[in-house]
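The values are calculated or read from the model by the stated rules, or taken from the named source; none is laboratory data. What you are looking at is a predicted structure, and each value in this text was computed from that prediction instead of being measured. Here the Cβ positions follow ideal geometry from the backbone for every residue, glycine too, while neighbour counts run over all protein chains shown. Areas reflect the complete protein model, heavy atoms only, side chains present, ligands, DNA and RNA absent. Shrake-Rupley method; radii C 1.70, N 1.55, O 1.52, S 1.80 Å.
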Protein chains: 2
Amino acid sequence: MGFKVFRLGFVSVYLSAPMLDGFATGASFTILTVQAKYLLGLKIPRHQGYGTVVVTWINIFANIHKTNVCDLITSAICITVLVAGKEIQERYKDRLKIPLPTELVVVGGATLASHFGNLNHHYGTSVSGHIPTGFIPPQVPSFSLMPRVALDAIPLAVISFAFTVSLSEMFAKKNGYTVRPNQEMFAIGCCNIIPSFFHCFTTSAALAKTMVKDSTGCQTQVTALVILLVLLFFAPFFHALQKCVLACIIIVSLRGALRKFKDVPAKWRASRNDAVVWLITMSATALISVELGLLVGISFSLICIIYKTQNPRVSLLGRAGDSDLYEDMEEYQNLVPPSRVRVFRFQAPLYYANKDTFLKTLYKAVGVTPFLEMTSRRKAEKKAKKISMTQAQANGDTNNGDVVVALVQRQLDFHTIILDCSAIPFLDSTGLVAFQGLLKEFAEIGVRVVLACCNTSLIDTLQKGQLFGKGDKDMSKMLFHTVHHAILYANIQQPDKSSEDSVL
Amino acid sequence: MGFKVFRLGFVSVYLSAPMLDGFATGASFTILTVQAKYLLGLKIPRHQGYGTVVVTWINIFANIHKTNVCDLITSAICITVLVAGKEIQERYKDRLKIPLPTELVVVGGATLASHFGNLNHHYGTSVSGHIPTGFIPPQVPSFSLMPRVALDAIPLAVISFAFTVSLSEMFAKKNGYTVRPNQEMFAIGCCNIIPSFFHCFTTSAALAKTMVKDSTGCQTQVTALVILLVLLFFAPFFHALQKCVLACIIIVSLRGALRKFKDVPAKWRASRNDAVVWLITMSATALISVELGLLVGISFSLICIIYKTQNPRVSLLGRAGDSDLYEDMEEYQNLVPPSRVRVFRFQAPLYYANKDTFLKTLYKAVGVTPFLEMTSRRKAEKKAKKISMTQAQANGDTNNGDVVVALVQRQLDFHTIILDCSAIPFLDSTGLVAFQGLLKEFAEIGVRVVLACCNTSLIDTLQKGQLFGKGDKDMSKMLFHTVHHAILYANIQQPDKSSEDSVL
C-alpha cells in the first residue's frame, strides 16, 4: 500500500496555500460524509468513484429510519464532550501546561459504558470487535492490489510529501538548518517502501504531533516507544468500544478545516483570487473526488496566474516635472505627457496568449489602429485624388493631387511610439512576431516605434528575430536605455515635421 | 452532429502557433494511418479509443499479406501523379495563372479506368459505390447520438473556431476591417445548428479555398453555387471510383503538415521551447488521441510559460559610470557595484510557485541566508560570551562580553538590500508573505530591505498587506521611485556605521 512515493520533488511547488486550504476543507467534508453513517449506526456500503459526498448523503437520508438510537445518543454525548474539551483547551491554553486528554477520557468512558452496559448485545450497536496486538510476520506486499490503489496513491503521495516538506521547512527555519526536498522525498520513499512489508500505514508528517514534540523538547525517534507499548499491550481493552465513538473523534478533529468556511468572506475581501481558488478546489474535492479536486485545484491556481499575465496593467506614461522619470498618467497626478510622442508600458511577459491583448491595448492607448487607419487613408486618398483631379482638370494644374494626399497623412498628433519594456521579463516567438508586425504596421502610417528599458534576454530574443535589421544595423536607432533617451532621440529626429505641424 | 459550438471565445487565445502546428502534424499522421488501409485495399475495422495510430499500424502489418495488388498499383500511380502535380505547381506557380487541376484529372482518369476496366469485378477492388444526389428531406438530429459524439465534438469545435477566427483576422487585416471573435463564434454556432437538420457536415473555414476565392475576387457566398451543381448532377459519375484514389488525394493533401518534421531542427535552434511544445503536442496527438493531444498541447504550452516565470532572470545591479542608471552586472561591463548596498532585481511576477526561487536566488546573490546567519551568530555569541566571561572573570572586567558580540555582528559588507521591483508586474498573497518574511529575517541580522521602482498595483498589494506598518508610516523609508534614490537614502541613513567600519 505504501508504495510509489519516488516522485519528483517539484510538484510541491505548485501547491499554493489557498489551494491546499480548500483541498483540506473539501477532503474533510468527504471524510465527514464517510464517517456520518457510523454516528447514526447505519450500515451503508461505501460508495466508490466520483460524487461520493452526494451519493452518500442521499443514501444516509434514504436509510435514516434505520438509525440506531443508542449509537445516536452515544455520538451526541461524545461530540458534546469532545467539542467542549477542545473549546476549553483553546480558551485556557496559556494556563494549561499539558493538552487535555479529552479523546482518552471519551474512549475510556465509552469503552467502559459499552462493556458494562453490554450495548452491543442489548441495542445492536456496532463495536470495534477484535483488535490484534503484537506484530504480524513480514510479508511481500500484494502486487495484484497495486493497479487498484495506484490512482488513490498519487494524491496521497503528493499531499503527504508536500505536508512533510512544508513542515520540515517550518522547523528548519525555527531551529536554523536547511532542508533539501529531494533528499526528504527519498527518505519518505524508503519510509513507505520498507514498512510495506510489515502491514504498515503510509508514513507522513502530522503538524500537531510535531509541534507537541518540538515544544516538549523531543529530538529523536525514541519517543515512539510509547506507541509501541499501546500496540503491544493495551489494544484488547478496546474490544467493546462503539464505532461511532471513533467516528466522533475523527469528525471533531476535522473542526479546524471545516471552520474555514467562516473565513471565506474575509478571504474574499483580502484577495478575490485566493477566495475563488479556495472555493473551486473545495467544491471540486467535495463534489467530484479527492484526486480530481487536487488536479482541479492545481490547474485552476495556474490558470489564475496565466489569466493575470493575460490581462496586465498597461499605461501611457507622462513626465514627472523636469526630471527624466516617466510614470503612469492614470495613477499619478501632475504628469506632463511628452509632446508628439506616446510612451506605452505593458507589464507582463509578452507571449502567445496575451499578444492580442498587447496589440489591442496599444491601439487603444495611442488611439490608432494602423490597418484601419491605412484603409481609411487609402479611401481618403482616392477621394482626394478624385477631387483634385477634377480640380486640376478644371484649373489645368497637375501637382495639386500630391499636396492633398500629404495633408491627409498628417492627421496623427504623434510621430513616435516608445514601448517601455522594463516590465516585460521575456518574449516568446509569437510575441516576437507581434513586435515585428507592430513595427511594420506603424511604419506604414508613418509612425516610428522604438523600444526602451529592454532587459538583456529581451534584447537577445529581438536580435535573433532580426528586429533590428541585418547585423543589428538599426539597433542604435531603435533601442534606448531609458524612456527619456528615447524621447530626446525621437524629438531630434523629427524637429522639422513638428515645426511644420505647428504652422499647420 | 454539428452541434454544441456555443463555446466561449476565449479558448482560441490559448492555442499557440507551435502547438497548433504540432497538433496539425499529429492529426495528419492519424488521418494518414486511418487512410493507409485503403491504399492497400485492406479491410480492417476502424479502431476506436486511445492509441489508434499504433493499433492500426499493427493491424495493417498483421494483414499485409491480404493486400489487393490492383489497389496498391492504383495508389502508387495516383500518388506519383498527385505529388508530381503539386511539385510542378509549386515550382512554376509564378507562371501558372490558375492552379493545376491535378486532383480532378486523377479522379477522372481513375474513374474511367475503373469503370471501363471493371476493376471492381475483376480484382475485387473497393469502390465508392452509390453516391446519392439531390437533397435529403430535413430531419431532427438524433439526440441519442449526442453523448457518443460529445467528446469528439469539443476539439472539433475548438479547432474549427480557432481556424476560422485566425483566418478571418488574417483577411480582416488584409482588407482593412476588424473581427469580433464572439460574434464570429455565434455565426459559426448557427452555421452548425441549422444545417444539423439537413444532414450536413460541420462548418469551418479552409485556408486554401479562402485564399483562392480572395485572390480571384470573390466577396460573397454566391460562388457556392458551383458546389451545388456538383452535388445535384455530377455525383453519379463517380460510382466506379476506387476508394484508394480518394485516400491518395487525402494523403497527398497532408504533405504540408507532415513535411513539418523536417523543420524540427531549425525550430530547435530558433526556440527550444517552441520545438519542445511542437514535439510534445505532435506525439500526444499521434500516439494517444486527437482530443487528448489538444489538451496536452494546451496544458504543456501553459506549463512552459509558468516554468519561465518560475525560473526568471535575477541579477545584482551595478552603477553605470556617474549616471543614476543601474544595470545587470553580469550582462554589462564596467559597472560599479554600489558600496555596502546590494541591488537585486527579480524579473517575473512573484507568486506561490516561484517565491522559493525568489528567496533562494536572493540569498545566493547577496551571499547570506538570514536564518542560517542567525544560528551561526547565536552560536558565535554563546562562544564569545563564554570566552569573554572567562576572560572577564580572570580580568575582573564585566563589559567585555558585549563588545565581542558587537564584533561578531559586524561581518556583512552591506547594510541595505534594494529590491528593484520594476520587472515584477504583480504579487499574490503568498508573494506578499514572502516579502514580509524577507523584511523580518533581514531585520534580525541588521540588514535593511527597501523597495524601488514598484508599480502602482504592487504598491496597492503591499499597502493591503501592511508591509509599511500601520497607516503606511514607514512608506517613505521603504519605498523609492528609483534605485538611485534608494541608494542615496540608504547611504545617508548609515554614514556613521560605514565610517566606523572603515576604521575597523
### Task
Please find, within segment B:246-271, the residue that is nearest to the other protein chains (Cβ to nearest Cβ) out of those that are hydrophobic (A, V, I, L, M, F, W, C) and buried (at least 17 other Cβ atoms within 10 Å of the Cβ).
B:Ala257
### Message
Of everything in segment A:485-501, what is modelled with pLDDT under 80, touching a Ser or Thr at 6+ places or on another chain (Cβ under 9 Å) and either hydroxyl-bearing (Ser, Thr, Tyr) or open to solvent by 60 Å² or more (accessible area, probe 1.4 Å) (or both)? Give them in sequence order.
### Response
A:Gln493, A:Ser498
### Test for A:Ser253: is it farther than 30 Å from A:Val107 by Cα and polar (S, T, N, Q)
no
### Query
Which residue pairs have Cβ atoms under 8 Å apart, sit 6 or more places apart or on different chains, and have a first residue in segment A:364-380 that is at the interface with another protein chain (Cβ under 9 Å from one of its Cβ atoms) and a second that is open to solvent by 40 Å² or more (accessible area, probe 1.4 Å) and of a type outside the set (Phe, Trp, Tyr)?
A:Thr369/B:Thr178; A:Phe371/B:Lys173; A:Leu372/B:Thr178; A:Met374/A:Glu444; A:Thr375/B:Asn175
### Message
Quick check on A:Asp274: is it among the charged types (D, E, K, R) and either within 13 Å of another protein chain (Cβ to nearest Cβ) or closer than 30 Å to A:Val69 by Cβ (or both)?
### Response
yes
### Summary
Checked segment B:16-42 for anything open to solvent by 30 Å² or more (accessible area, probe 1.4 Å) and either outside the structural domain of B:Leu72 (by the TED database) or within 12 Å of the chain's Cα centre (by Cα) (or both); matches are B:Ala17, B:Leu20, B:Asp21
### Query
Looking at segment B:63-91, which of its residues are touching a Ser or Thr at 6+ places or on another chain (Cβ under 9 Å) and not in a helix (DSSP H, G or I)?
B:Asn68
### Summary
For segment B:15-47, the count of residues that are over 16 Å from B:Lys243 (Cβ atoms), in contact (Cβ under 8 Å) with a residue 24 or more places away in the chain and outside any helix (DSSP H, G or I) equals 2
### Task
Search segment A:289-314 for residues being closer than 27 Å to A:Ile424 by Cβ and not in a helix (DSSP H, G or I), and hand back the single one that is least open to solvent (accessible area, probe 1.4 Å).
A:Pro312
### Residue list for segment B:427-484, filter: open to solvent by 20 Å² or more (accessible area, probe 1.4 Å), assigned to a loop (DSSP other than H, G, I, E, B) and at negative phi
B:Lys473, B:Asp474, B:His481, B:Thr482
### Members of segment B:325-337 found to be more than 9 Å from every other protein chain (Cβ to nearest Cβ) and outside any strand (DSSP E or B), listed by number
B:Met329, B:Gln333, B:Asn334, B:Pro337
### Task
Among the residues of segment A:88-117, count how many are surrounded by 12 or more Cβ atoms within 10 Å (Cβ to Cβ) and either in contact (Cβ under 8 Å) with a residue 60 or more places away in the chain or among the acidic types (Asp, Glu) (or both).
8
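Residues in segment A:288-307 that are without any contact (Cβ under 8 Å) to a residue 40 or more places away in the chain and either over 30 Å from A:Val54 (Cα atoms) or within 12 Å of another protein chain (Cβ to nearest Cβ) (or both): how many?
6
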### Summary
Quick count over segment A:357-368, residues being open to solvent by 10 Å² or more (accessible area, probe 1.4 Å) and either of a type in the set (S, T, N, Q) or within 15 Å of A:Leu427 (Cβ to Cβ) (or both), is 3
### Query
Is it fair to say A:Phe344 is surrounded by fewer than 21 Cβ atoms within 10 Å (Cβ to Cβ), more than 9 Å from chain B (Cβ to nearest Cβ), touching a residue at least 60 places away in the same chain (Cβ under 8 Å) and not hydroxyl-bearing (Ser, Thr, Tyr)?
yes
### Task
Could you tell me whether segment A:274-288 includes any residue that is charged (D, E, K, R), at pLDDT below 85 and assigned by the TED database to the domain that holds A:Thr164?
no
### Query
Among the candidates B:Val53, B:Val81, B:Val13, which residue alone is crowded, with 17+ Cβ neighbours inside 10 Å and within 14 Å of chain A (Cβ to nearest Cβ)?
B:Val13
### Summary
Apart from one, (1) in contact (Cβ under 8 Å) with a residue 60 or more places away in the chain; (2) outside any helix (DSSP H, G or I); (3) more than 9 Å from chain B (Cβ to nearest Cβ) all hold for A:Phe358; the odd one out is (2)
### Odd one out for A:Ile58, checked against (1) farther than 17 Å from A:Ala284 by Cβ; (2) touching a Phe, Trp or Tyr at 6+ places or on another chain (Cβ under 6 Å); (3) at pLDDT 85 or above
(2)
